[in-house]
Amino acid sequence: MTAYVLSEVEILDPDSVGRYKEAAPATIAAYGGTYLARDAVPEAFEGGFDAGERIVLIRFPDARAARGWYSSAEYQAAIETAGGGLRRRLFVFDGLEAPVTSVSATEQNT
């Protein structure tokens, strides 16, 4: 089942983050990952989002591949290039087997 990695990133040092952004893509590709959004500045419908924050969304073939990428020596070396240049929250989660396009009356009552 497809898995996604979502990162909420606060950029503290653009130069350090630039080095990380050069090193990370090859590590993601090595595990079958594809960027769906990178360095995105979202429009917040609810809550807030500061000017120095970004969103990254990556699709992997499955959660096992995502975990393999994250724990790989190559990725750990890439993240080290950022030093203290970023602060983030990083999540992995499974996608849906089939897209949900409507909600039945039964589901609406739960």
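From zero outward in steps of 10 Å, how is the percent of C-alpha pairs of the chain spread across the bins?
For the chain, the pair-distance distribution reads 13, 40, 29, 13, 5, 0.
Give the residue from Ala77, Phe91, Phe49 lying farthest towards the positive end of the charge dipole for the chain; charges sit on Cβ (+1 for Lys and Arg, -1 for Asp and Glu) and the dipole is referred to the Cα centre.
Toward the positive end, the furthest listed residue is Ala77.
Rounded if a/c is under 1.5, else prolate if a/b is larger than b/c, else oblate: which is segment 58-102, with a ≥ b ≥ c the root eigenvalues of its Cα gyration tensor?
Verdict is oblate for segment 58-102.
Can you work out the FRET efficiency for the pair Glu46 and Val100, with r the C-beta to C-beta distance and R0 = 25 Å, to the nearest 0.05?
0.75
Using a 1.4 Å probe and ignoring any ligands, DNA or RNA, find the accessible area of Tyr70 and quote it in Å² to the nearest 10.
Counting only protein heavy atoms, Tyr70 exposes about 110 Å² to solvent.
Count the net charge of all other residues whose Cβ sits under 10 Å from the Cβ of Gly95, scoring Lys and Arg as +1 and Asp and Glu as -1.
After counting each charged neighbour, the total is -2.
DSSP H helices in the chain with Cα extent of 24 Å or more along the helix axis and mean Kyte-Doolittle hydropathy at least -1.0?
Within the chain the helices that satisfy the rule are 14-30.
With a cut-off of at most 13 other beta carbons within 10 Å, and DSSP calling the residue loop, which GluC sites (Glu not before Pro) in segment 21-58 qualify? Please list them.
Here the sparse-neighbourhood loop sites are Glu43, Glu46.
Measure off, as a whole percent, the carbon and sulfur share of the 1.4 Å-probe accessible area of the chain, all protein chains present.
51 percent
Using amide H atoms built in the peptide plane, which far-off residues or other-chain residues are under 5 Å from Ala37 H to H?
When sequence neighbours closer than 5 places are left aside, the close amide H contacts are Leu57.
The values are calculated or read from the model by the stated rules, or taken from the named source; none is laboratory data. Keep in mind that this is a model prediction, so the values were computed, not measured. Don't worry about glycine lacking a Cβ; one is built from the backbone with ideal geometry, like all the others, and counts go over all protein chains shown. With ligands, DNA and RNA removed, areas are computed over all heavy atoms of the protein, side chains included. Shrake-Rupley method; radii C 1.70, N 1.55, O 1.52, S 1.80 Å.
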